[in-house]
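Report on the following structure.
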Amino acid sequence: MTREEVYERLNNVFRDVFDDESITLNDEITADDIEDWDSFEHINLVVAVQDEFSFKIPMGKVVSMKNVGEMVDIILELGK
Amino acid sequence: MSLTSGSFFIFLLVTVILYYTLPKIQKYILLSASCVFYLKASPIGIDLMLVLMTYILMLTYGGAILQEKTFGWKRNMVSAITIMGLVATLFVLKYAFNMGELLASLLSMDVQLSWLNFVPIMGLSYFTLSAIGYVLDVRWQMYPAERNIATVALFIFYFPQVVSGPVTRFEAMRQQILAKTVLEYDNIEYGLRRMLWGYFKKLVISERFAMIVTVVYKNPQDYGGADIFLATLCYAVQLYTDFSGCMDIVLGTSALFGVRLPENFRAPFFSKTVQEFWQRWHITLGLWFKDYVMYPVQISNVMVMLGKYCKQHYGKKVGKKIPFYISMLVLWFLIGVWHGCTAHYFVASAIVPCTLLMISDLGGNWFSKMGNELPFSECSLFWDNVNRLKSLLLICICWVFVCSESVSVGLTCLYDVFANVDEIHLSAIIAATKMGKAGLLVMVLGIGVLVFADYLEDKGSSLYELLNKKSWFMRTAVLYAEIILILGMGMIGKSEFIYFQF
């Protein structure tokens, strides 16, 4: 899986979770940049990502990821 | 050893001098000072306290390392035993007395339970949470287990935070504990100023508002709804200045050693919603429960499956909300239990806030959003202030139950506030406090300074930053004014900090 492929699928996950078709992700995007991305939606997002990529994200990564770039790194690492 | 006692200042001075004159053993100086402070403040015998400290240290230190050395079910077993051991210690030492009394009264037993009469052990609730957080971080492989036992011991028993928190994270503390700190003017100046601000809040503001609260809530049946409402507002000020004042002293003390602890408050009464209030009040406790309780519950297989089931049968929104509300119930139940084993504290710190949050969430914060629909929506400052006032009044429902001696008294007080409103007996209440005109003036002045300080904090600045821009003369004048006010008008030695009991 390439980084671009991850981004394509992740864009769809974000759009679905936040009900916002205008979202286009990049490495620097954080919770501050997406209006509804609070601690509650963060977990919904994690569950949706797990569903999309069919693996479980360890709790340590769930609480420590700081931006979309880190999320993509984690997905690439777990998807190896 | 109280934070407002002379012996604390002597202890602090000696520790700071040793810390900076013996830089090679700074960690051990802080550890020794922490042990001395904790043993001296211990309500139980030193021998028993040493056993308790050793037990908690060995359990945390050993449990974390063993988690790394084991795999599969053995690792799960080690994690479970370590965490259950820490939780059980907290539970037994915090609640044994209440439970013993409760059982004795329920079974009408005529037995002597004085051996169960544990005096609350200072800081137990705070450092146990920090220790559990460390064990879970290692379990989740966020960083390796610490091999140096002195570092772990200092993390758990670091004396400024052992009093009332903040609840700290090992990773953030480790770097600061291990760094060799050189004597810097900035650290000392910031630390002392922050401490002074804390003493001002506690001794000058909090203690005075406490007098009004005590007068009314001692015999609430003698007062009308308006008086109870006034006393509850005063309690909001009392509790905030007491707890945040304590945090200022704690953070200031720690800054003297170059160790910056996390902030526990961010102008909470400037919050526009109740959700925002709880994100700005006792921040480190909220973050701890979010990361170590709420997230794991929400992401558990059961909750994920429940969420999917609800999504399929009742739609996307319900599928999201049901697991969220269940994890909220778990979180607030634990926060309620953490605050104590008495019913009125449980109502105040769990049932009321959880209900307020759920109602607010179910309603989609319609009141806050209404500002956008109103014709004068451009006047956002007005609507922001209306929302701030609304949040304060809603949070005051919690304080009514904290101040009342039981749930039934709390309910009666709440009923009186809404249904039994008559004229306010302000002069009679103030006369009963025996405060005098000077005391009243200090209260008004104090609340003015407090609102201004929080206004700055809400805007992302602080009194400290503002003063730094002023001339040396101005800064010194403010500093001396503060000292004079504390020494002249501070009610020294009147009462302990409220959050010590937790």
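Each reported figure results from applying straightforward, stated rules to the coordinates on display, with no laboratory input. Nothing here was measured: the structure is a model prediction, and the numbers come from that model. Glycine also receives a Cβ, built like all others from the backbone with ideal geometry; neighbour counts cover every protein chain displayed.
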ask   = Quick one: if the Förster radius is 22 Å, what FRET efficiency do A:ASP51 and B:MET358 give, using the C-beta to C-beta distance and rounding to 0.05?
value = 0.25
task = List the residues of the stretch B:405-447 whose backbone N lies under 11 Å from a point placed 7 Å from the Cα of B:ASP222 along the Cα-to-Cβ direction.
result = B:429, B:432-433
message = Need one number: nm distance between label points at B:SER7 and B:LEU50, each 7 Å from Cα along Cα→Cβ, rounded to one decimal.
response = 1.8 nm
task = Please turn the phi angles of the stretch B:204-220 into ³J(HN,Hα) values with the Karplus equation 6.51 cos²θ - 1.76 cosθ + 1.60 (θ = phi - 60°), one per residue in order, whole Hz, x for glycine and proline.
result = 8, 8, 4, 4, 6, 5, 4, 5, 5, 4, 4, 4, 6, 7, 5, 9, x
Amide H partners (placed H, <5 Å) of B:PHE265, local residues excluded = B:ILE283
note = Summing +1 per Lys or Arg and -1 per Asp or Glu among the other residues with Cβ less than 14 Å from B:VAL451's Cβ gives 0
query = What number, rounded to the nearest 500 deg cm²/dmol, is the helix-based mean residue ellipticity at 222 nm of chain B, given -39500 (n - 2.57) per DSSP H run of at least four residues and division by all its residues?
reply = -23000 deg cm²/dmol
task = Give, as ranges by residue number, the residues of the stretch B:124-152 whose backbone N falls under 16 Å from the point 7 Å along Cα→Cβ of B:ARG75.
result = B:135-146
remark   = Computed ³J(HN,Hα) along the stretch B:440-446: with the Karplus parameters 6.51/-1.76/1.60, θ = phi - 60°, integer Hz and x for glycine or proline, the list is 5, 4, 4, 4, 5, 4, x
query = For the pair A:ASN26 and B:ASN385, how long in nm is the line joining their label points, each one 7 Å along Cα→Cβ?
reply = 4.1 nm
Overall form of chain A per C-alpha gyration tensor (a/c, 1.5; a/b vs b/c) = rounded
ask   = Label-point separation (nm) for B:SER427 and B:ASN148, each offset 7 Å from Cα along Cα-to-Cβ?
value = 6.6 nm
task = For B:ILE326 and B:LYS24, calculate 0.36 nm times their separation in residues minus their Cα-Cα distance, and state this gained length in nm to one decimal.
result = 103.7 nm
ask   = If you count, for each residue, the other Cβ atoms within 10 Å and average over each peptide, how do B:155-167, B:414-426, B:322-334 line up from highest to lowest?
value = B:155-167, B:322-334, B:414-426
